[in-house]
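Beneath this line is the structure, given in structure tokens, with notes to follow.
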Amino acid sequence: LLLLLLLAVSVPPGAEAQLTSQQRYLVKYRRGTSFGLVAAILRSLGARVTPTELRSGFAAAELPPNANRLLRAIHRRYLERVEPDVLRFPEATVAPGVANRHVLDDIEAAGIMPGSAPVVACVLDSGVDLQHPAFADNVFSGTGSWDTDTCGHGTHVAGIMAANSKPGQMQGVLQNLTSSNLGLHIIKLFDGAQCNPVFASDLIRAVETCRKAGARIINLSLGGPTFSQVEKDAFDELEAEGVLSLAAAGNAAGTTYMYPASYNSVLSVGSVDESLNVPWFSQQNDQLDLCAPGDSITSTRSGGGYAVQHGTSMSTAYVTSAAMLLASKNASLSMVQVRNILQATAKDVGEPGKDAGCGHGLLQVASAVQAMQPQTATSTTTATTSTTTATTSITTTTTTA
């Protein structure tokens, strides 16, 4: 049967000369269809197929221009969806100038210590320069070549979260992980001096690795302007499994949606500057959930020392750290409840109520810690946007993200 199928969809005579300008695609195949069969079909069309499944029911492949017509012939029987494998980029830039020196005060994070419950967060980025003195003895783990960083983005993000407190230097929100039960699991996505972009398939595979590593929280200081249904499905499944994903809203200085931040199952984080205004670069749209400092942020630099950068990447790291603190203080909290508390206790800035510039408002860690005390666990998996007061218990019944 497989041989007959491959003969039926084989590349027509002369097509080999047309197998140029390959484009990456995500392929979702129907239940009951094996990855091996789909891979064989795609290869018969001249495709280069990623050796393993992204996750159950999905594959990534580079298809030649003439393959779409042939794919349509087998689409209904074996495939549910074929879509472009879009690009994802880090969301930060180097920002020379005066550093914001009031970051932890702005978000009520100074002096907040973790609780006793174990929490692992996954950071998908460019790796971490583990030789930096600010990370000495910290509880890091990782997948692949995660302990080096050729472009510095991941090291800067990790420093915001976990740099050890040093006299006269910046400190991470988590202060240090040397004696706590918190840990960061690092997965290297971006590489090269310019933090080369990755495909959505790379991101999907990485978040699956995070899930298998036991991470309950995922930091995504990255994004791109193109929607991907396959990627959305992956993050929806993570939310249903109790994982909180947080992503940068974007630095395109506009109102367009960036992804994965703009999926309902992902908490979208924008930026504020030292005056608590939305800086020029931060995306503003109705999918924004929270904001945090993101303008002129000092953090660890790959190769040693410290650097100033700006971007919603930096803001996302602050909110991820706050989520870890809350989860560590109450092991019974679901990640939906953590998200609800962070949103409900945010400081309203800009226009009254939830707005496109800052979502529910500016992250307030101390208020969130205080508000979480009456929380009890539920099995609900959809996030609420209730913002009535900062100290009342938060329900988990509404479905707007």
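The values are calculated or read from the model by the stated rules, or taken from the named source; none is laboratory data. Nothing here was measured: the structure is a model prediction, and the numbers come from that model. Every residue, glycine among them, receives a Cβ derived from its backbone with ideal geometry; neighbour counts consider all protein chains shown. Quick note on the areas: whole protein, heavy atoms, side chains included, nothing else; ligands and nucleic acids left out. Shrake-Rupley method; radii C 1.70, N 1.55, O 1.52, S 1.80 Å.
Computed values, structure above
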item: Test: residue in the stretch 341-356 that is in a strand (DSSP E or B) and open to solvent by 10 Å² or more (accessible area, probe 1.4 Å); result: yes
item: The stretch 151-169 residues that are farther than 15 Å from residue 297 by Cβ, paired with ones that are among the small types (Gly, Ala, Ser) (beta carbon under 7 Å, 6 or more apart); result: 151/126; 151/192; 151/193; 164/134; 164/136; 166/134
item: Residue pairs meeting the criteria (Cβ under 6 Å; at least 6 apart or on separate chains; first surrounded by fewer than 24 Cβ atoms within 10 Å (Cβ to Cβ), in the stretch 281-295; second of a type in the set (S, T, N, Q) and part of a strand (DSSP E or B)); result: 287/268
item: Whichever residue in the stretch 97-113 is farther than 17 Å from residue 364 by Cβ and not hydrophobic (A, V, I, L, M, F, W, C) and, among such residues, is modelled with the lowest pLDDT; result: 97
item: Close pairs (6 angstrom Cβ cut-off, 6 or more residues apart or separate chains): at positive phi in the stretch 42-62, among the β-branched types (Val, Ile, Thr) and open to solvent by 20 Å² or more (accessible area, probe 1.4 Å) anywhere; result: 46/11
item: Matching residues, the stretch 227-261, being under 17 Å from residue 83 (Cα atoms) and either of a type in the set (Ser, Thr, Tyr) or in contact with a Lys or Arg (Cβ under 7 Å, 6 or more places away or on another chain) (or both); result: 228, 229, 230, 234, 259
item: Answer residue from the stretch 243-264, given it is aliphatic (A, V, I, L, M) and farther than 15 Å from residue 289 by Cβ and is surrounded by the most Cβ atoms within 10 Å (Cβ to Cβ) among those; result: 243
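Residue by residue, here is whether (1) out of contact with any Pro (no Cβ under 7 Å at 6 or more places or on another chain); (2) surrounded by 14 or more Cβ atoms within 10 Å (Cβ to Cβ); (3) modelled with pLDDT of 65 or more; (4) not in a strand (DSSP E or B) holds:
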| residue | (1), (2), (3), (4) |
| --- | --- |
| 7 | yes, no, no, yes |
| 28 | yes, yes, yes, no |
| 32 | yes, no, yes, yes |
| 40 | yes, yes, yes, yes |
| 73 | yes, no, no, yes |
